1. What is the distance, in nm, between label points placed 7 Å from the Cα along the Cα-to-Cβ direction at A:Lys26 and at A:Thr599?
2. For A:Arg453, list long-range residues whose amide hydrogen, built 1.01 Å from N in the peptide plane, is under 5 Å from its own amide hydrogen.
3. Indicate the gyration tensor shape class of the stretch B:42-86 (rounded, prolate or oblate), computed on the Cα atoms with a ≥ b ≥ c the square roots of the eigenvalues: a/c under 1.5 is rounded; otherwise a/b larger than b/c is prolate and the rest oblate.
4. Which ordering of B:Leu32, B:Leu15, A:Leu344 is given by a fewest-first count of other beta-carbon atoms within 10 Å?
5. Between B:Asp177 and B:Val135, what's the calculated FRET efficiency when r is the beta-carbon distance and R0 is 25 Å? Round to 0.05.
6. First select every other residue whose beta carbon is under 15 angstrom from the beta carbon of B:Gly14; then total the charges, Lys and Arg +1, Asp and Glu -1.
7. Take A:Cys372, B:Cys103 and order them by how many other Cβ atoms sit within 10 Å, fewest up front.
8. Tell me the label-point distance for the pair B:Trp219, B:Leu100, using the 7 Å Cα-to-Cβ offset, in nm and rounded to one decimal.
Amino acid sequence: MHTTTADTHHAGAHEAHHDEGGFLKKYVFSSDHKVIGIQYGLTALVFLFFGFCLIMAMRWQIAYPNTPIPLVGGLLNGLFGDLATKGIMSPDLYNMFGAMHGTIMVFLAIVPLAFGAFGNLIVPLQIGAPDMAFPRINMVSYQCYAAGGVVMLVSFLIPGGAAQAGWTSYSPLASTIPGDGQTFWLVGMVLLITSSLLGAVNFIATIIQLRAPGMTWMRMPFFVWAQFVTGFLLLLAFPPLEAAGLMQLADKVLHTSFFLPTGLAVGGNLANISGGGSPLLWQHLFWFLGHPEVYVLILPAMGIVSEIVANNTRKPLWGYKSLVYSSLGIGFISFIVWAHHMYLTGMGTKISTFFQTTTMIISIPSVIILTCLFISLWGGSIRFNTPMLFALAFLPMFGIGGLTGLPLGFNYSDIHLHDTYYVIAHFHYVVAPGTIFGLLAGVYYWYPKVTGRFMSETLGKIHFWLSLICMNLIFMPMFLQGMAGMLRRMSDGGAMYSVAKVGAIGGLSAAIIKLNEFVSHAAWMLALAQLPFIINFFWSISNGRKVTSDNPWDATTLEWQTPTPPPHGNFTKTPEVVRGPYDYSLPGAPKDFVPQNQTT
Amino acid sequence: MEIPYVVHPRRDTGLYNAKVGIWLFLASEVMLFGALFSSYILLRVGAEAGEWPTHLLNVPIGTVNTLVLISSSVTVVLGWAALKVGNFAKYRACQTITVLCACAFVGIKSYEYNDKFHHYQVITKDGKVFDGHLVSRDKEAVVLHGHQIDASKGKALGVREASRHGDHGKEIEIKADDIKKIDNYGPAHNTYMSIYFTLTGLHGLHVVAGALVIAYILWPGAGMYKTDPERYINRVEVSGLFWHFVDLVWIFLFPVLYLL
Ligand code: HEM
Ligand SMILES: [Cu+2]
């Protein structure tokens, strides 16, 4: 079982040489969960970068409306013609980039990275399984994801360009914008939904069926639990969006009126449709997915952070069972809070009150999870390596994001805050310095398992501190802007509603608008702060410090009890699990950790 | 290490992998059709008075189709049970009937679809509404076999009242110049037709997919019965579970769309 790393490396190289024409089979059409995990990971990181590029261009337009974008203005003009005349971003292009930024970040970057990449790579290893339950379905899942990504990317280049109605694609707007962008968006979404459906079935079946002997439910690492709940969210919440997507597609292509009301006027003329549809229906179906989706975004990150916290405090997680039950609670309740995104639609106070209540209830398990993780730090001799720094930063950042959700959950205060930059700041705190930090922590933490080498700590720490500072400089001012009444999705950064235009009452002050520039500069700095990461990521593959054992972090969970990197089939012999996941600093044990498959 | 429980059930769950997989998949299918049923309800309660068509579909034909599907569910079970006791010939006979039932269902459904595409509604410039089957249509005029409708209480209600008294209508000629709007009972006609086509269309795709899988296992994939009989029987079982689900969905669709 404990082959030395040098040996396995050599063996791996050997195999590759002999496997003629095997490259495609080994790296492209592989059904090995580790290869698929890496495929997911690399693709998702590229999309993460691309989504970030979109917003960097938009941030210029917000900070300096209607001036040519430096550096890339010419490129945009070349690609989009009239939509970016002289390198100036038109409102249409702004909407397009905005819609695609959200779509790409959520469906093509974060979820595939959190679920597709880390889930695939780590879950089978942590439960002691040889692979996923359905390896070929796993491969198809990645291919659907890749195809969905291609459709989304191609949509930029079709006449009329990509979808423009926001990542939420509210009808009737989404159905009435001319051009095929929305149609592409819907086709892309159907592919992505199919992908995550196949993934979800696979993950849940794997966790139910393929746990190694002795790996009882309450001995599973919390990360596995987090992925388990995430799997159920994807399994049950996505189909309604698929249904909604099919209906919106019908509205677009077959001219039905699912989401189009009677008397709808487009461009001043009565639309030639039967009418009788309901715009609210779309919103209900969308948010029925949309809210569980935000827990899909956060739960895997919580799982990663828990693993890293336990490992680097050298203590068992505090309240493992509370963590498990809380995540299950979140899973159930997240299906009955969706309409807190719709308080301003006039659903009526009774319905609003119901959703306000459930929203407050679902905050409780989130608070429990956060509290458990904080208490876990208490009294530990903490190792401050890069993964741990990111994991530690996750806690307060998620805390800020979660707490600022509460005023949004009360429909009285949400009336003021809805659709402002406050909402933007809220969810970015949970997703950007929250989830993304969790995911980066995971990259630094599991990198040695995949490559046999560490990433550079120095570059890692530079990356961490710069990112932490920039993230806060970007999103903290947005709370102020939002509370001052600045709306989201405005291509001029609110200039239309400045004091100069609409007067002192209800106008946005110059100081608030000026913050746009500050935020934009911080966003571009954040991009620079990713350079150390990108360099580190590629440089360390062949130059990083080599690991000296298969378990370089002295961890207890099973993924470290395999050769590095794990061969096809993962374990050289079936592991027998004899203890819980976090037996750190066990009194009487020879070392300060006891792996799950060792009897001290 | 090899992947365990591909064929034999795991002790504590009592299930083999594919069975867990199909149950999970069916759970997501429940959510998919559940969302469409919910949409049906929301659209129906949101419709204006008299605008939601009822009794527009041919109940006898729908009943026949329901019986066809139910029979196929019986043959699926009989086939699987026969295979379990090693009677491959009976299994093959039963599943052949299943596949034939599926074809019959799709055939009947296509006939119904076709009928709706030839059913037209015409609104004239002076506000009259005509409803009926298209007899002929050219540049000069449209001929329908049907009724003129009293649309004062809603078009859908008007259609129902006009056809209530066993009256089969007559041929009506409408001049092309008088026509304000003409459309068939396709998906775009009104939200009822939209949801009807979406629900039955999606269900139809499931029927086709299920039949293809069953047919594949039955003929090209039957070699596995020799090499790995247990796994083959599992396949039959899993495809049967899917088929029951498809059947079940129709048991909801039929009353909701045809009877209510
Ligand atoms: C923990 C307690 C949380 C509460 C009480 C909460 C509450 C809310 C509410 C009420 C809204 C709607 C605001 C509006 O549109 O007016 C909202 C928006 C949002 N939240 Fe949260 N949230 C919480 C946690 C999270 C988490 C963990 C995530 C993601 C990881 C998240 C992501 C989002 C997103 C993406 C939106 C905006 C969607 C959009 O309109 O584009 N939230 N939140
Ligand atoms: Cu929500």
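1. That separation, rounded to one decimal, is 4.0 nm.
2. A:Val547
3. oblate
4. Details: B:Leu32 23, B:Leu15 17, A:Leu344 12.
Fewest to most other Cβ atoms nearby, the residues stand as A:Leu344, B:Leu15, B:Leu32.
5. Numbers: r = 19 Å, r/R0 = 0.75.
FRET efficiency, B:Asp177 to B:Val135: 0.85.
6. Working: positive: A:Arg211, B:Arg10, B:Arg11, B:Lys19; negative: B:Asp12, B:Glu237.
Computed value for this residue: +2.
7. Ordered from fewest to most neighbouring Cβ atoms within 10 Å, A:Cys372, B:Cys103 come out as B:Cys103, A:Cys372.
8. Between B:Trp219 and B:Leu100, the label points sit 1.4 nm apart.
None of the figures in this text is laboratory data; all of them are computed from the coordinates on show. This structure is a prediction, so every number in the text was calculated from the model and none was measured. Every residue, glycine as well, gets a Cβ built from its backbone with ideal geometry; the counts of neighbours run over all protein chains shown.
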